[in-house]
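> Quick one: this structure, given as structure tokens, is what I'll be asking you about.
Just so it is clear, none of the values below were taken in a lab; they were calculated from the coordinates. Keep in mind that this is a model prediction, so the values were computed, not measured. Cβ sites come from the backbone with ideal geometry, for glycine too, and all protein chains shown count toward neighbours.
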Amino acid sequence: MPHVRKQRNIPKDLLVLRHLNCRMKLLDQDKKHYFSGEKGLEGELKFDQLTENLHSECIIINGLLLKVDNNFFQIDTLIIFQKAIYLIDVKNYEGDYQFDAKHLQHIKSEKIIKDPFIQLQRCETLLHQLLQQLGFHYQVESYLVYINPEFTLYQAPQNPSVIFPTQIKSFFKKLNTVPSKLTNGHENLADLLISMDLGDYPFPQLPVYKYEQLDKRIICPCCWGVMFAENDMKLKCDKCGFEENVDKAVLRCVKEFKILFPDWKITTNIIFEWCSIVRSKRTIRRILQKYYQPCGQGKHCYYI
């Protein structure tokens, strides 16, 4: 049975864009970046659901950002078997594309995308280098998986390392036939790679934003609508009708605020303004005192 050693984390830049998209008007380029990130994460999570149902003995690592010889490389999914490591890159492209030289072109929009298999080959090379530096000698098999059933690529060359939507079922049948008996050595390798994970790129491409320009409200976690106060203890979404306890909603807002403004101190006044629809500043203070640790007193009090 598979052992998932690392669950997938949402990239920090995607979290920032997700929150900004609800609170300001993004430029077209930033909006495209945001939607592309959400689409990519959706595909990776779909693939995670499939790997969790593997029968073979293996270790699954979901999402790694590694560095070797000053080169960053990102791994969507790594599956460690007894004798081989499977490196998986997942793409969630949708629509009809045409393969041309070293890129893919969307037939309707004519949008051009660099062939992701080139990126996969680079990633495989860097992973080989890293394993050699660490003293591990495993066979690496890399695969590009197009996860979206609404994706078609015309004139694609035959490549056993590229898995199209209609081939996913047979691909997992293949994975389930891989003979594998894991040892402490495999566990040590997994632990080492996870310890080397950088999490997020050090210089993410994010839009410039200021606190003053952002909408101050509580956003519905289901549909991104706006929550309103039904009473002092319960909020409700004006779009989908989702209801939420005020404590839980405020805590979500605090986490969101910390993602957008990591260097700012959490105070009663700032969170009261950030949530806006919560009727009482006393309610905000009660929630912060209950779930966070106060530092300082009076006007200088903040929470960690």
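> Nearest 0.05, what FRET efficiency do residue 133 and residue 173 give at R0 = 35 Å with Cβ-Cβ as r?
0.55
> What residues have an amide H closer than 5 Å to that of residue 85, excluding those fewer than 5 places away on the same chain, when H is modeled at 1.01 Å from N in the peptide plane?
When sequence neighbours closer than 5 places are left aside, the close amide H contacts are 139, 140, 141.
> Largest first, please: the extent of the C-alpha atoms of the chain along each principal axis, to the nearest Å.
64, 51, 36
> Shape verdict for region 216-303, please, from the Cα gyration tensor: rounded (a/c under 1.5), prolate (a/b greater than b/c) or oblate.
It is prolate, given that a/c is not under 1.5 and a/b is the larger ratio.
> Okay, next question. How large, in Å, is region 75-229 by the Kirkwood hydrodynamic radius built from its alpha-carbon pairs?
Values: mean 1/r = 0.0524 Å⁻¹.
By the Kirkwood definition, the hydrodynamic radius is 19.1 Å.
> Next up: Note down the magnitude of the dipole of the chain about its Cα centre, charges +1 on Lys and Arg C-beta and -1 on Asp and Glu C-beta and zero elsewhere, to the nearest 20 debye.
Computed charge dipole of the chain: roughly 1140 debye.
> Please give the contour-minus-distance gain from residue 295 to residue 99: 0.36 nm per residue of separation, less the Cα-Cα distance, rounded to one decimal in nm.
Between residue 295 and residue 99, full extension yields 64.7 nm more.
> Let me check I've understood the local charge: for residue 178, count other residues with C-beta under 13 angstrom from its C-beta, Lys and Arg +1, Asp and Glu -1. What total comes out?
Within the 13 Å Cβ shell, the charges total +2.
> Please compute the net charge surrounding residue 34, taking Lys and Arg as +1 and Asp and Glu as -1 over other residues with Cβ under 14 Å from its Cβ.
Numbers: positive: 12, 18, 23, 25, 31, 32, 39; negative: 13, 28, 30, 38, 42.
Every neighbour counted, the sum reads +2.
> State the antiparallel share, in %, of DSSP beta bridges confined to the chain, rounding to the nearest 5.
60 percent
> Which three lengths, in whole Å and largest first, does region 148-247 cover when its Cα atoms are put on their principal axes?
Principal-axis extents of region 148-247 (Cα, largest first): 59, 41, 32 Å.
> Right, next: Contact order normalised by length for the chain, with contacts defined as Cα pairs under 8 Å and 6 or more residues apart; what percent is it?
Value for the chain: 16 percent.
> Let me ask another. Summing Lys, Arg as +1 and Asp, Glu as -1, what charge do residues with Cβ under 14 Å from the Cβ of residue 77 carry, residue 77 excluded?
The answer is -3.
> Within region 220-304, which GluC sites (Glu not before Pro) sit in a loop by DSSP and count at most 12 neighbouring Cβ atoms inside 10 Å?
Numbers: sites: 230, 243, 244, 256, 273; in loops: 230.
Answer by residue number: 230.
> State the extension gain, in nm to one decimal, for the chain segment bounded by residue 243 and residue 158, taking 0.36 nm per residue of separation less the distance between their alpha-carbons.
25.5 nm
> In region 42-89, which GluC sites (Glu not before Pro) fall in coil by DSSP and have 15 or fewer other Cβ atoms within 10 Å?
Sparse-neighbourhood loop GluC sites (Glu not before Pro): 52.
> Determine which residues of region 52-78 fall in the zone a paramagnetic label at residue 259 would reach in this model, i.e. backbone nitrogen under 20 Å from the point 7 Å along Cα→Cβ.
What the label zone holds, given the 20 Å backbone N cut-off, is 62-65.
> Fewest Cβ neighbours within 10 Å first, please rank 268, 177, 152, 125 accordingly.
Least to most surrounded, the residues fall as 177, 125, 152, 268.
> Then there is this: Could you please rank 137, 33, placing first whichever residue has the fewest other Cβ atoms within 10 Å of its Cβ?
In increasing order of surrounding Cβ atoms, one gets 137, 33.
> Mind telling me which of 76, 48, 197 comes out most flexible in a GNM of the chain, alpha-carbon contacts under 10 Å?
197
> When a footprinting reagent is the concern and you count Cβ atoms within 10 Å, what order do 274, 224 take, fewest first?
Details: 274 24, 224 13.
So the residues, fewest neighbours to most, are 224, 274.
> A follow-up question, please. Could you check how many percent of all C-alpha pairs in region 1-64 are farther apart than 20 Å?
In whole percent, the long-distance tail amounts to 41.
> If you don't mind, another one. Work out, step by step, the length gained on full extension between residue 67 and residue 38: first 0.36 nm times the residue separation, then minus their alpha carbon distance; give nm to one decimal.
8.0 nm
> To the nearest 0.05, how large is the calculated FRET efficiency for residue 223 and residue 49 if R₀ is 30 Å and r is the Cβ-Cβ distance?
0.85
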